[in-house]
Structures are given as structure tokens and as C-alpha cells.
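Any read-out appearing in this document is the output of simple, stated calculations on the displayed coordinates, not a laboratory observation. Keep in mind the model is a prediction, meaning the values are calculated, not measured. Note: ideal-geometry Cβ built from the backbone for every residue, glycine included; neighbour counts use all protein chains shown.
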Amino acid sequence: MLQVLFALCLAALAGTSHAADTWPAKPVRLVIPFAAGSATDSAGRLFAQQLGSLLGQPVIVENKAGANGQIAAIAVAGSAPDGYTLFMTTNSTHSANPHLVMQLGYDPVKDFAPIVRVGMLPFMLVVNPDLPVKTTAEFLAYAKAHPGELSYGTASTASMIGAETLNVMAGIDLVRVSYKASPQAILDLVAGRLQVMVSDFTTAMPHVKAGKLRILAVTTANRSGLLPDAPAIGETLHGFDMTSWNGIFAPAGTPPAILARLEKDSLKLLADPEAKAKFAAIGFEISPMGSAKFDRYVRGEIAHWGKLVRAANIQPE
């Protein structure tokens, strides 16, 4: 009996080794939990193009937007762990949702194998130019004088938590309007149907450059290297600090040899100066982290975003 079990184990190991040796033998799917045109989508398409060149197979982006990334996360968690399904996601699915959703349909730690952290997604506080404010201090004063009259758009946990943190820390009353995708919210902000938004750089910057939106500040603790002239909210509202991260995962159970290959190739492309410049051009700060360190980082971020959610007085639904 023991000999039979030993033989079966050897066969299984041999099968796994063979699968890793021949991988990838077909295109790889990169699932994005947000809509086309979003920051993660833009970064994902750039990453997919670069990774595909290293793998020798196309990496095809598939958008599965909705429910702050839950739809995509559940789909990836249930996919075959064969290296042909990858997940580029953010703190929305893997840090904030565990504190915002009472019955989450996936486990951000147990259901996924972390591969690399790609980088950070800084956010900015932007307003419609018709709003008579030019600084964070002026905005907060105006919001206090007009409680409940200013609406903000949100399509991600980071933008929502950022705005709700402003509500709590500054004692103002911005009204939340939820969207399925950030580009839709930004267009309503440009049109004047919203007055303010905590938006990622990628989505908002083209409209800021065109003069259709006014940037007041960035949400990071210090000024961003991508936008050094913009003050940090924390310069006016002491202690305010919020940024989003972005990384690559595979379904739990993906063969270690495939994960190792993906980690190696991902870190290689993220270290390339030309790739860094391309990411910076879309408002994305490259900050690579290998799988072991990224795993610890994700676990720590779950606790960190839990504190942010509680501090913003957001109740899970």
C-alpha cells in the first residue's frame, strides 16, 4: 500500500514539474477588477504587454469590474491554478474589502498566491473649476459653510475612504455618489454633476492638464515625485495620509516553479528604466516587491486599511 502511495506522489510531482517546464504553452489571462480606462486597467495593459514579451506568449487583459473588485476576485480565486490566470489588483480587494463587506466571497490571503507588488497609485483631491476654491484650506472652509451640498464620486475603496476620512478629520459633510468605474465619475465631475473627488492620478490627470479639473492636493503624507508642485493634504490637515498599492497574484495552488518564473520576469520588467518611464507617464509609481516580502506586506495592509475604515466611521455592508 505504501509503495502505491509513494508511486502516486512521484507521479503527481512529475506531472507538476512537466507542467511547469512546458508553461506557458498558450496565452495567459490577466484579470483586472476595474473598468477599462481606470488606473489599474492602464497599468495592467502596460504590464501585460511587457510580461508577454518575456514569456513568449500573449498576456491578454480581461476586465471584470463591479462590487469594488469582488466579482473579479471571486472569479480568479475559483480559476484553475495552472498559471494561465493572473490577477492585477489593489488594496480594494486585498486590504479594504475585508473590512467593508460582511460576507466576502473570497479570502485575500488563503485564496491567492502573491507574485509581486508592482507599485503605488497616488491619489489627488480634485474639484470642478467652478467651485470657488484653489487650496485645500479654502475647500475645507467652503465645505464647512455648505454642509451636505457638495457631492463626491467614488468607484473604488481608496477614493471612498479618502473622502470619508476628509469628512471625519475636517468635520465636513461631503455626500457620496457611487459609480461602477472611475472614468464615469470623473466625467460627471468635469460636467459639474459632482463637485469634488479623491481620484487616482491616471484617471484625473488628463482633465487637470486640459484645465477641466483643478487639483488642490495629493493624498500622500509627502508631496509626490510625479507631481512635486502639488501640496499634500497633510500640509493643511495634519495626519492625513492615503495611497493605494497594486500587485500581481495567481490562484492559490499554482505550481511553485510557475510562480517563481512569474516573479523573476515581473521583477525584471519592473527594473527596466524604459518601463519605469512608461508607468510614470500614466501616473503610476513603480515600487517592486518580491513574493515573500509582498506576502507580508499584504497581511500588514489588511490591518492598516482596517484602521482607516474604522477611523473614517465607515460601516461594513
Next on the checklist: Can you sort Asp111, Asp173, Asp41, Asp229 from fewest to most other Cβ atoms within 10 Å of each residue's own Cβ?
Outcome noted: Asp229, Asp173, Asp111, Asp41
Checklist entry - How much length, in nm to one decimal, is gained on full extension between His146 and Gln57, taken as 0.36 nm per residue of separation minus their Cα-Cα distance? => result 26.5 nm
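Can you sort Glu149, Glu317, Glu62 by how many other beta carbons sit within 10 Å, fewest first? Kindly include the intermediate steps, with their values, before the conclusion.
Values: Glu149 12, Glu317 7, Glu62 15.
Ordered from fewest to most neighbouring Cβ atoms within 10 Å, Glu149, Glu317, Glu62 come out as Glu317, Glu149, Glu62.
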Item to check | Residues with amide H under 5 Å from that of Leu213, placed H, sequence gap 5 or more | outcome: Val208
Checklist outcome for this item: Full extension between Arg310 and Ala80 adds, at 0.36 nm per residue less the Cα distance, a length in nm of 79.3 nm
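Please report Met205, Met102 as a ranked list, fewest other C-beta atoms within 10 angstrom at the top and most at the bottom.
Taking fewest neighbouring Cβ atoms as first place, the list is Met102, Met205.
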Checklist entry - Amide H of Gly119: which non-local residues (sequence gap of 5 or more, or other chain) have their own amide H closer than 5 Å, using H built in the peptide plane? => result Asn246, Ser287
Item to check | Read-out Cα Rg over 2.2 N^0.38 Å, derived from the coordinates shown; its label in [x] 0.96; [y] 1.02; [z] 1.07 | outcome: [z]
